[in-house]
Amino acid sequence: MKVLVYSAKDFEIPYLEKANNGRYEVTYLKEALNLDTAFKSVGYRAISIFSGDDASSIVLETLKDLEVKYIALRSTGYNNVQLKTARKYKLKVANVPDYSPNAIAEHAVALLLALNRKITVANTQVHNYNFLQSNLMGFDLKGKTVGIIGTGNIGSVMCKIMHGFGCNIIANDLSPNNSLEDLYEVNYVDLETLCADADIISLHVPLNKQTYDLINSKTLALMKPNAVLINTARGAVVHTEALIEALENKRIAAYGTDVYEKEKGLFFRDNSKNGIFDERLKKLLSLSNVLLTPHQAFMTTEAVRNIAETTFENIDAWANGKQSTNELLPEESVTEWD
């Protein structure tokens, strides 16, 4: 079976090659899947896409016409795939549900520590031979209340890490994890209570109808003026305009994020020569209390290796006439949008 990999990054190709181990004829494209590039899948039964690729209904219809049968996501999130349409056209779709919760949770902690202890500010200063300390004040994590929204695989690891720092942990989830209550003294509360009581809030939810703009002007208004908000989930979980207003008016202290709601066309590419035209992103980046990284939380050797291996495990199942254990079905989907 021939496989076409869209949005192939130089750093991941060696892992994909090793995971494939010569079983399939694989072609790597740097371009993302969209309506303009869908035609490149002609002659391929399987394609692999990333979280920024466009698998909307019109693109899936084109893939069906080109006789593509399988779509292997190299990500956990699948809000970019119209699953109902995929099923209509008998396109099988699978994701990588659990590549490395540690990678994402650890990056969330890195954002928190860098913001709190002014690491990037200090680094810039000392490279200019400025060794003053007056603007580098942070706070101890021990004893602080950390609110974790979403306690699935990643959120659970975040609970463990923050418990290790000596934090008091409150959480919000549609399905509370009782083991976290026993292991890390996690106290489940409603969203409003979490926003009001937490010194640090970390987002670990999928993007769906329930979580779209979950952090908005109302929830931001509940937060403490010294609250730090961390987002390694999805950009659209946070309402950007409301966030910018809250940051500018000092209604919250800081925002650390690895994601942005309008990543398409911006992230995963070098825009340093031509600049960007997204005024909201420009405004966000201009704020001194914002730290943004380019959707890199998954970038550990362990995570990228696991993604590659699971991607080809999904393809193996289809090649052998079986259903992948990671196959996504519309009736199971909570991240699909009508």
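Order these by the 10 Å Cβ neighbour count, fewest first: Thr120, Thr37, Thr311.
Thr120, Thr37, Thr311
Just need the relative contact order of the chain here, percent rounded to a whole number, with Cα pairs under 8 Å and 6+ apart.
Relative contact order, the chain: 18 percent.
Let me have the 222 nm mean residue ellipticity of the chain computed from DSSP H runs of 4+ only, each contributing -39500 (n - 2.57), with the sum over all residues rounded to the nearest 500.
When only DSSP H runs of four or more count, the value is -10000 deg cm²/dmol.
For segment 204-295, state which chymotrypsin sites (Phe, Trp or Tyr not before Pro) are in a DSSP loop and have at most 11 other beta carbons lying within 10 Å of their beta carbon.
Phe277
log₁₀ I(q)/I(0) of segment 101-292 at q = 0.12 Å⁻¹, via Debye over equal Cα point scatterers, no solvent, to two decimals?
Scattering profile of segment 101-292, log10 relative to I(0): -0.58.
Suppose every Lys and Arg Cβ carries +1 and every Asp and Glu Cβ carries -1, with no other charges. What dipole size does segment 196-328 come out with about its Cα centre, to the nearest 20 debye?
380 debye
What whole number of Å gives the distance from the Cα centroid of segment 55-89 to the Cα centroid of segment 234-272?
28 Å
Can you say what percent of the DSSP beta bridges in the chain, counting only those with both residues inside, are antiparallel? Round to 5.
5 percent
Taking the Cα centroid of segment 283-299 and of segment 1-43, what is the distance between the two, rounded to the nearest whole Å?
If we compute the Cα centre of each part, the gap is 29 Å.
Can you sort Leu66, Leu73, Leu207 from fewest to most other Cβ atoms within 10 Å of each residue's own Cβ?
Leu66, Leu207, Leu73
For the pair Glu31 and His127, how long in nm is the line joining their label points, each one 7 Å along Cα→Cβ?
With each label placed 7 Å out from Cα toward Cβ, I get 3.6 nm.
Calculate the dipole size of the chain relative to its Cα centre from +1 charges on Lys and Arg beta carbons and -1 charges on Asp and Glu beta carbons; express the result in debye to the nearest 20.
For this selection, approximately 620 debye.
Could you compute the FRET efficiency for Lys69 and Ser175, with r as their C-beta to C-beta distance and R0 at 41 Å, rounded to 0.05?
Rounded to the nearest 0.05, the efficiency is 0.75.
Quick check: residue separation of Lys90 and Leu183 times 0.36 nm, minus the Cα distance between them. What number comes out in nm?
29.1 nm
At a 10 Å Cβ-Cβ cut-off, how would you order Leu284, Leu33, fewest neighbours first?
Going from sparsest to densest Cβ surroundings: Leu284, Leu33.
Every read-out reported here was derived from the displayed coordinates using simple, explicitly stated rules and does not represent laboratory data. Quantities reported herein were computed from a predicted structural model and do not represent experimental measurements. Don't worry about glycine lacking a Cβ; one is built from the backbone with ideal geometry, like all the others, and counts go over all protein chains shown.
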